[in-house]
Amino acid sequence: TLHQGIRGVWNLITAGPSAWARLLRGIASAGPKRWVRNTALVLLGAHLASVARAHGFTHVHVHSCADAAYIAGFAAALSPLSYS
């Protein structure tokens, strides 16, 4: 929902410098061709962190080592959420 999306962006804004540094390393890790895509995945990760917090989830499991793993990793960088 829009409210969760706003909470996700707020999570991102208020995460602080250490989280921003982890996110920037994650964005840059895939190389320049994926910077725009990874930046979008950060927003999805922020949304996932917000939804997980709202529902009391502490762990997510993803069945992909591609975009889903990036989203889970970015969510973990922004919150205490763990992933496998």
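Look through the range 73-84, keep the residues that are open to solvent by less than 40 Å² (accessible area, probe 1.4 Å) and in a loop (DSSP other than H, G, I, E, B), and return whichever of them is nearest to Thr14 (Cα to Cα).
Looking at the filtered set, the residue picked out is Ser79.
When every residue of the range 51-70 is checked against the conditions, at least one turns out to be at pLDDT 85 or above, on the phi < 0 side of the Ramachandran plot and of a type in the set (S, T, N, Q).
Residue count for the range 1-17, restricted to those that are at pLDDT 80 or above, part of a helix (DSSP H, G or I) and loosely packed, with under 12 Cβ neighbours inside 10 Å: 3.
Would you check which residues across the range 18-72 are open to solvent by 20 Å² or more (accessible area, probe 1.4 Å), in a helix (DSSP H, G or I) and touching a strand residue (DSSP E or B) at 6+ places or on another chain (Cβ under 8 Å) and list them? Residues satisfying the conditions are Leu48, Ala69. Return the residues of the range 32-72 that are charged (D, E, K, R), more than 16 Å from Trp10 (Cα to Cα) and within 13 Å of the chain's Cα centre (by Cα); say none if nothing qualifies. Residues satisfying the conditions are Arg37, Asp67.
The values are calculated or read from the model by the stated rules, or taken from the named source; none is laboratory data. Values in this document were obtained by computation on a predicted structure and should not be read as measured data. Positions of Cβ are backbone-derived with ideal geometry, glycine not excepted, and every protein chain shown enters the neighbour counts. Ligands, DNA and RNA are stripped out before the accessible areas are found, and what is left, the full protein with its side chains, is counted by its heavy atoms. Shrake-Rupley method; radii C 1.70, N 1.55, O 1.52, S 1.80 Å.
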